[in-house]
Amino acid sequence: IFMDLQMPKMDGIQATVEILNHLGDDAPPIVALTANVFEEDRENCKNAGMSDFLTKPVNIQVIKEILIKYAPDLNIKKIS
């Protein structure tokens, strides 16, 4: 899951906590996607249980790297 941190009804931190509480060990990796680059934001994401942290704007190579890291069975070569 690419999780935006700033959403209108529930922020990405709370959404992550809800997903992880509901799915537990069956939850997919959750990667923060945000324009915030402060260390505090990274720590909040880590403490919420997110797997990784990306800052906007992201480029396709970074997306590919994350997909390879967390979903190695996908055929990433098709993504350009």
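Laid out as a table, the results:
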read-out: Portion, in percent, of the accessible area of the chain that falls on carbon or sulfur, probe 1.4 Å; value: 53 percent
read-out: Pair residue 60, residue 39: separation of 7 Å Cα→Cβ label points (nm); value: 3.5 nm
read-out: Amide H within-cut-off set for residue 4, under 5 Å, with H built and near neighbours excluded; value: 33
read-out: Where the chain is the region considered: accessible area per residue in Å², 1.4 Å probe; value: 70 Å²
read-out: Accessible heavy-atom area order of 41, 26, highest first, probe of 1.4 Å; value: 26, 41
read-out: Residue 1 - accessible surface, heavy atoms, 1.4 Å probe, Å² rounded to 10; value: 80 Å²
read-out: Solvent exposure, largest accessible area first (probe 1.4 Å, DNA, RNA and ligands not counted), of 46, 56, 9, 64; value: 9, 46, 56, 64
read-out: Segment 34-45 - phi-based ³J(HN,Hα) in whole Hz, Karplus 6.51/-1.76/1.60, Gly and Pro as x; value: 8, 8, 6, 10, 6, 4, 4, 5, 4, 5, 4, 5
read-out: Selected from 29, 49, 70, residue furthest toward positive end of dipole (segment 19-80; charges at beta carbon); value: 70
read-out: The chain: Cα Rg divided by the 2.2 N^0.38 Å rule of thumb; value: 1.11
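The values are calculated or read from the model by the stated rules, or taken from the named source; none is laboratory data. Computed from a prediction, not measured in an experiment: that's the story for all the values here. Note that each Cβ is placed from the backbone with ideal geometry, even for glycine, and that neighbours are counted across all protein chains shown. Surface areas here come from the heavy atoms of the whole protein model, side chains and all, with no ligands, DNA or RNA. Shrake-Rupley method; radii C 1.70, N 1.55, O 1.52, S 1.80 Å.
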